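Structure, as C-alpha cells:
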Amino acid sequence: MVRFTVLASGSKGNSTVVSGGRTRILVDCGLSCRELFRRMKLVDEEPETLDAIVITHEHMDHINGLSVTARKLGIPVYFTEGTHRAWMRWLTPRRQMTYAQWLEQCRKQAAERQAEAEAAETEGDPYDPEAEPVAELDTEVQPLAATPEPAVEPPSNRPPSRKEDPTWLPQVEYFQAGQPFEIGDIAVSPFTIPHDAADPVGFVFRAEGVRMAFATDLGYIPPNVKDQLQGVDLLLLESNHDLEMLRDGPYPWAVKQRVLSRVGHLSNEAAAGFLENSYDGQAAYIILAHLSESNNLPELARVTAERALLGRASLLANRLLLAAQREPLSGINF
Ligand SMILES: [Zn+2]
Ligand SMILES: [Zn+2]
C-alpha cells in the first residue's frame, strides 16, 4: 500500500511520511522528536518502522528535530552534500567579534600564558622541598608516578564523543539533484528548487506505480520544476502567502522582500497560476502546503487554487486538501 501523510507543514515545522511497499521515509524533520512521534501515533504511523529520513534543505523548520530523531531511531539521513555541510555549520556556530573584542582576547591569552610560565617556574623551585622535580622549566609539571591517569582527559586534548558532537548521525547518505536513487521500495527523484538555502531540492517519490511530487520552499516555479510536477498522482505544492496580506502584514520590509524574492516562497497567486496554465491535471490529490500563519488564511489559499482549477473543467476531479501547521492531515492511501 502507498500512503502519504503530512504530519506538519509551515514555517514552524515540516514533516511528511511517504510509505510504499515495505519502506517508510520521513521527508524533513522540522518537529521536535517528541512532537513528531506524538503526531505519527495520532495517524497510526509507527515511528520505529521508519527506514530513512530525507532532507529538502537546511532551514530550521525542516531540520529542527533531525539529530535527536535519527539517533533515537538509528536510521540513515539522506542529504545533498551542500545541505549536509550547511547543517553542520549551523550546528557549530562561530562567534562573531569586533576588532576591539579580538584585541582584548589576544591580551588575555598573552596574560594567561605569562601566568602559566611563572607558575611553572615557581613549582620548579629547587629550594622547595615539596616540589616535584621538573626536568625542564618549560615542560608542564608531571603528575606523581603513583597517581593514576585521569579518567577524563581535558576536553581540548581529545575529539568530541558521539554524544558531544552535535553533528553526529548514525549514517549519512548523499544524493544529487537530477540523479534518482532508491530507498528500499521507494524511488526518489530529487530536483533543484529556487530557494535561499545551500542546495535545496523538491522530490518526486514513486512506489508501486504511484507518483507523488513534493515542492515547497521555492520562490517561483522554473521550467525544470514544472516538468517534475507533471504526470503525478499526488501533488504537494507550496501556497505560502497571499500577496496583499504579505504586503500589508507584520513582517519587516527586509523579510517581506526575502519572501517575495525569486528564492523566497511561492504565493497563493503563483501556485494558482501554475495550476491554471502549466499543470496537466493528472493528480487525484493536490495538497496546498507551507501556508504562512501570518500572511495567509487557509480559505484564501483554497479559494485561489479552486478558482484556478474551475477555469479548467477537466481539473475538477483533482481533490484539493490543505496541509496544516498544528495538526496532521490524515493519510492519503493509494
Ligand atoms: Zn520551510
Ligand atoms: Zn526554507
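The values are calculated or read from the model by the stated rules, or taken from the named source; none is laboratory data. Because the structure is a prediction, the values reported are computed rather than measured. Glycine also receives a Cβ, built like all others from the backbone with ideal geometry; neighbour counts cover every protein chain displayed.
List of remarks:
- Residues located in segment 216-256, provided they are free of Cβ contacts under 8 Å to residues at least 40 places away in the same chain and under 20 Å from residue 58 (Cα atoms): 225, 255
- Of all residues in segment 1-41, those satisfying the criterion of being within 16 Å of ligand 2 (Cβ to nearest atom), of a type in the set (A, V, I, L, M, F, W, C) and in a loop (DSSP other than H, G, I, E, B) are 29, 31.
- Pick from segment 42-58, criterion out of contact with any Asp or Glu (no Cβ under 7 Å at 6 or more places or on another chain) and under 24 Å from residue 199 (Cβ atoms), ranking: farthest from ligand 2 (Cβ to nearest atom): 51
- Where residue 299 falls short, out of the listed (1) free of Cβ contacts under 8 Å to residues at least 12 places away in the same chain; (2) assigned to a loop (DSSP other than H, G, I, E, B): (2)
- Residue within segment 78-91 that is free of Cβ contacts under 8 Å to residues at least 40 places away in the same chain, surrounded by fewer than 22 Cβ atoms within 10 Å (Cβ to Cβ) and under 18 Å from the mean Cα position of the chain (by Cα) present: yes
- Segment 180-194, residues that are in contact with a Gly (Cβ under 6 Å, 6 or more places away or on another chain) and surrounded by 23 or more Cβ atoms within 10 Å (Cβ to Cβ): 186, 193
- Selected residue [aliphatic (A, V, I, L, M) and buried (at least 18 other Cβ atoms within 10 Å of the Cβ)] from 213, 177: 213
- Taken over segment 196-211, the criterion of being within 20 Å of the chain's Cα centre (by Cα) and within 18 Å of residue 286 (Cβ to Cβ) is satisfied by 202, 203, 204, 205.
- Residue list for segment 175-206, restricted to those being of a type in the set (Asp, Glu), more than 16 Å from ligand 1 (Cβ to nearest atom) and in contact (Cβ under 8 Å) with a residue 12 or more places away in the chain: 185
- Among residues of segment 212-254 being among the acidic types (Asp, Glu) and within 30 Å of residue 23 (Cβ to Cβ), the one that is nearest to the chain's Cα centre (by Cα) is 217.
Yes or no, residue by residue, for (1) more than 16 Å from ligand 2 (Cβ to nearest atom); (2) farther than 24 Å from residue 30 by Cα; (3) among the hydroxyl-bearing types (Ser, Thr, Tyr):
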position	(1), (2), (3)
235	yes, no, no
242	yes, no, no
263	no, no, no
268	yes, no, no
281	yes, yes, no
285	yes, no, yes
300	yes, yes, no
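- From 141, 134, residue being over 30 Å from residue 20 (Cβ atoms), surrounded by 17 or more Cβ atoms within 10 Å (Cβ to Cβ) and at pLDDT below 70: 134
- Residue count for segment 6-25, restricted to those that are closer than 15 Å to residue 329 by Cβ and within 18 Å of the chain's Cα centre (by Cα): 11
- Across segment 295-316, not a single residue is classified as touching a Phe, Trp or Tyr at 6+ places or on another chain (Cβ under 6 Å), crowded, with 16+ Cβ neighbours inside 10 Å and among the β-branched types (Val, Ile, Thr).
- Of all residues making up segment 190-220, the number that are at positive phi and within 16 Å of ligand 2 (Cβ to nearest atom): 1
- Considering residues of segment 50-105 that are part of a loop (DSSP other than H, G, I, E, B) and among the hydroxyl-bearing types (Ser, Thr, Tyr) only, the residue farthest from ligand 1 (Cβ to nearest atom): 98
- Residue 250 being modelled with pLDDT of 95 or more and either more than 16 Å from ligand 2 (Cβ to nearest atom) or surrounded by 24 or more Cβ atoms within 10 Å (Cβ to Cβ) (or both): no
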